[in-house]
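Accompanying notes for the structure given below.
Read the figures in this text as sums done on the coordinates, not as results from a lab. For clarity, every value in this text was computed on a predicted model and none was experimentally measured. Positions of Cβ are backbone-derived with ideal geometry, glycine not excepted, and every protein chain shown enters the neighbour counts.
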Protein chains: 2
Amino acid sequence: MAKRKAGEGYSRKHKVTVIGSGNWGSAISKIIGENTLAHPYLFEPEVKMWVYEEDYQVPSSHPKYSPSEHSKPQKLTALINSLHENVKYLPNIPLPPNVQATPDIRDAVHNATILIFNVPHQFVPNIIRQMKGAYLPYARAVSCIKGVDVSAEGISLFSDYIGKHLGIYCGALSGANIATEVAEEKFSETTVAYNPHGDLTPPPEDLAPVDHEILKHLFHRPYFHVRVISDVAGVSLGGALKNVVAIAAGFVDGLGWGDNAKAAIMRVGLMEMQKFGTKYFSETCRTETFTEESCGVADLITSCNGGRNHRCAKLSVEQGKTIEEVERETLNGQKLQGTSTAREVNQFLSARGEEHEFPLFTAVFNILEGKAKVMHPDFCYQRNNTDCNLQVEDLPGLIERD
Amino acid sequence: MAKRKAGEGYSRKHKVTVIGSGNWGSAISKIIGENTLAHPYLFEPEVKMWVYEEDYQVPSSHPKYSPSEHSKPQKLTALINSLHENVKYLPNIPLPPNVQATPDIRDAVHNATILIFNVPHQFVPNIIRQMKGAYLPYARAVSCIKGVDVSAEGISLFSDYIGKHLGIYCGALSGANIATEVAEEKFSETTVAYNPHGDLTPPPEDLAPVDHEILKHLFHRPYFHVRVISDVAGVSLGGALKNVVAIAAGFVDGLGWGDNAKAAIMRVGLMEMQKFGTKYFSETCRTETFTEESCGVADLITSCNGGRNHRCAKLSVEQGKTIEEVERETLNGQKLQGTSTAREVNQFLSARGEEHEFPLFTAVFNILEGKAKVMHPDFCYQRNNTDCNLQVEDLPGLIERD
């Protein structure tokens, strides 16, 4: 029996909307726009992209600047739709013309069968409130929002939050994906997790149920390779916890401990990520999500080799400042994810009396809190300086104390 | 019942010899020398280190240079024993005084119960020939020699070769261990694999059988964390195959494909390493050795971030030269492991018609052989240049073609 082509036998096509238009949201919209055109038997061509409306003045140096049209600030949505480019957040990258920006969230999600969330996480509650009654009850969602919401009470995945508050199912996408590189069509991989369960409104009979194959068609490009798995918790945790490890790797680089030590810290960090996932999400989380997928080991490698958490931690050691000082001085108002995640994870672990089971996460927290110091091993270890709280034994010791 | 301390109840102590005195051999001798002193109930203090004898002229700039003693070239062994430093291969690192250099392999192995091999692999057959009749039949060995011997016929581990030809058991040690960093006591981790089997001469009753605990005491230092496992094949393969992946990562860096692509290539490479091990050494090889141990993921990270295979591959793309040209121009007569391993692995795979199952290993081989070209994706992919053999799809496509 010949295999059925994805979507075959269904007369209706999926209509896809992207909620968000930062650099990552715009890069994902570009991919989605390309794929809805590439697979017309599965998807409606038009992709709506919800944009947080603002006025923007196109700089006169921009290649598409026209003195007659751009002499004054204009609405960002109007600029995106006329120039087919997000001139503010993803400049110089052409967007497919079928990507249509809209400032109206209710218009954006109207009739959409697949919703892609790609906004800063703090915007989610308000967006969801505004969506009430405007979206299809049988829509399905995928969250590209990195991270998880961890507190002493527990861990909540953004995908679960979205799904619960909309009453629909929401999966997750995460990977070693620096947005500008993806937008420039430099090769990368990503991981999509999707595993619908529970009491969901079924799609109408003429619409193909969203499954791994449809999601692969929606996200996969020649330059953006997608693997679809079922472990939503693992994919979401990978994107959050890697930032804590990147801070540790940044400390090690700042200390000049060398490549061996950095690789050791990354290995230990990867093991703690995996342990955290499989211990606290034991029903769904798989070891392989961390050790084998783009959202795990690959994203960790990218983050430890030049991500902003790594860079700020490295600078903090080199310049003898706190990481918050470096953050203020270099990030222009943006916030590090890794420091807040390290604190949230510690709250969660200490509420359970299980900090000692995650020595690397705990060491990072203690250093951030000023309870331990980062110092050079020449000083700490070799000269047995007892004035130093963090010995060479500590940071990685971490692994096993003996 | 209280746990017995390692070695408790045995009157005889282990006598340890290191065969080899390059920079890695000397760094390991330093560790072993420190540990035989630290655990006197288990080990004899004296550690013999076999040195390939040569004459060496101490440079007058060396801190230990004495005009009266060092005006002429001297025997390297004599210099090591008087200065307690391998002035030629590991300068400026003090060796413990209980490490005694000897040029005589038969003297070195005489009465040794544990033999550590740490020489370039091509020296092994000759050393083994010279050892005939001089070593204890119940001695046990550990090989620190990176790599494996792969050919169309099959794969032979250096540890198996040593074990078979000496008629003793030989384990392996491998990890993210740049020798000079280990010598400087910068933190690192390593993996020791040991799993004796078959018909071995048992040790005398007054000598503790070599086991994981004894090996941990022999190698573990505060700055050198050791995990002892049983997967000798995995440990050995990790140290060999990572060099092929490092070449691919070097190509990607040379092409300027960015961090996402590099992380993707490393992830795919790690998966191929794991598949190779578990497919061809299915009885002993474990997935976790690659994804969780220092000899796997951590060593791969180190090698892809600055190892010599990576560096030469990167330069070859940047300068438009073959990797052999770069090797000749920059390595001063030394040879890259990765290129020969890539060719041997290809011989092995093509003899079995299984090249297609390892697309990354095969792509590296094809590029080395001039059957495929490495080109910049701007040229290959985005402009659809059909003149280019290696498209952006290829190198990583590699992963799955669809």
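Here's the list of aspartates and glutamates a cross-link from B:LYS275 could span, going by alpha-carbon distance under 14 Å and ignoring same-chain residues fewer than 8 apart: A:GLU288, A:GLU292, B:GLU283, B:GLU288, B:GLU354, B:GLU355, B:GLU357. DSSP finds beta bridges in the protein assembly as shown, and of those with both partners inside it, around 25 percent are antiparallel. Taking amide H as placed 1.01 Å from N in the peptide plane, the amide H of A:PHE224 sits under 5 Å from that of A:SER188, each at least 5 places away or on another chain. Ordering A:ALA141, A:PHE224, A:LEU76 by Cα displacement along the dipole of the range A:14-230 toward the positive end leaves A:LEU76 in first place; charges were set at the Cβ atoms of Lys, Arg (+1) and Asp, Glu (-1). Divide the volume of the convex hull around the Cα atoms of the protein assembly as shown by the residue count and you get 202 Å³ per residue. Only the Cβ atoms of Lys and Arg (+1) and of Asp and Glu (-1) were treated as charged; on that basis the dipole of the range A:14-230 about its Cα centre amounts to roughly 240 debye. Chain A comes nearest to the axis taking it onto chain B at the Cβ of one residue; that residue and its distance, in whole Å, are A:THR291, 2. Restricting the GluC sites (Glu not before Pro) of the range B:157-256 to loop positions (DSSP other than H, G, I, E, B) with no more than 16 neighbouring Cβ atoms within 10 Å leaves B:GLU205. Straight Cα distances below 12 angstrom link A:LYS88 to the aspartates and glutamates A:GLU53, A:GLU54, A:ASP55, with same-chain residues fewer than 8 positions distant left out. With the simple spin-label model, which puts each label point 7 Å out from Cα in the Cβ direction, the A:GLU44 to A:ARG343 separation comes to 4.3 nm.
Once the Cα atoms are used to define both axes, helix B:308-318 deviates from the longest principal axis of chain B by about 20 degrees. Distance from the Cα centre of the range B:317-336 to that of the range B:163-217, in angstrom? That distance is 34 Å. Label point of A:LYS373 (7 Å along Cα→beta-carbon): distances to the other copies' equivalent points are 5.8 nm, sorted ascending. Projecting the Cα atoms of B:ASN111, B:THR339, B:VAL182 onto the charge dipole of chain B, computed from C-beta unit charges around the Cα centre, puts B:ASN111 farthest toward the positive end. Dimensions of the range A:23-93 from C-alpha coordinates, computed as largest minus smallest value along each principal axis and given longest first, are 42, 22, 19 Å. A dipole drawn for the range A:234-397 from +1 and -1 charges on Cβ atoms has a positive end, and of A:PHE358, A:ALA248, A:THR284 the residue lying farthest that way is A:ALA248.
Under the criterion of Cα pairs below 8 Å and six or more residues apart, the relative contact order for the range B:72-125 equals 23 percent.
Around the Cα centre of the protein assembly as shown, unit charges on the Cβ atoms of Lys, Arg, Asp and Glu (plus for the first two, minus for the last two) sum to a dipole of about 220 debye. Viscosity 1.002 mPa s, temperature 20 °C: what is the translational diffusion coefficient of the range A:234-397 from Stokes-Einstein with a Kirkwood Rh over Cα pairs, rounded to a whole number of µm²/s? Taking Rh from Cα pairs, D becomes 136 µm²/s. Looking at the range B:1-54, the chymotrypsin sites (Phe, Trp or Tyr not before Pro) that sit in a DSSP loop and have at most 12 other Cβ atoms within 10 Å of their own Cβ are B:TYR41. How far, in degrees from 0 to 90, does helix A:359-368 lean away from the longest principal axis of the Cα atoms of chain A, to the nearest 10? Compared with the principal axis, the helix lies near 90 degrees. Across the copies of the chain, A:PRO204 has label points (7 Å from Cα along Cα→Cβ) spaced 9.0 nm apart, shortest distance listed first.
Ordered by the count of other Cβ atoms within 10 Å of each Cβ, fewest first, B:ASP199, B:ASP231 give B:ASP199, B:ASP231.
Taking the C-alpha atoms only, the angle from helix B:232-255 to the longest principal axis of chain B is near 40 degrees. Each copy carries A:PRO120; placing its label point 7 Å along the C-beta direction from Cα gives inter-copy distances of 5.8 nm, listed from smallest up.
Spatially, the range A:81-100 and the range B:63-139 are offset by 67 Å when compared through their Cα centroids.
Of all the options B:GLU355, B:GLU69, B:GLU327, the one that moves most in a Gaussian network model of chain B with Cα springs shorter than 10 angstrom is B:GLU69. Using Cβ counts within 10 Å as a stand-in for footprinting exposure, how do A:CYS144, A:CYS295 rank, fewest first? Ordered from fewest to most neighbouring Cβ atoms within 10 Å, A:CYS144, A:CYS295 come out as A:CYS144, A:CYS295.
Panel order for A:LEU90, A:LEU83, by other beta carbons found within 10 Å of each beta carbon, from fewest to most: A:LEU83, A:LEU90. Annotation: amide H of A:SER143 within the under-5 Å range of A:PHE117, A:GLY171, A:ALA172, A:LEU173, sequence separation 5 or more or interchain, hydrogens built in the peptide plane. Cβ-Cβ distance of A:THR180 and B:ARG352, R₀ of 41 Å, FRET efficiency by 1/(1 + (r/R0)^6): the value works out to about 0.45. Treating r as the C-beta distance of A:GLU54 and A:ARG129 and R0 as 25 Å, the FRET efficiency rounds to 0.80. Pairs exceeding 27 Å between alpha-carbon atoms, taken from B:LYS15/B:LYS75; A:LYS146/B:LYS146; A:LYS262/B:LYS314; A:LYS30/A:LYS75: A:LYS146/B:LYS146.
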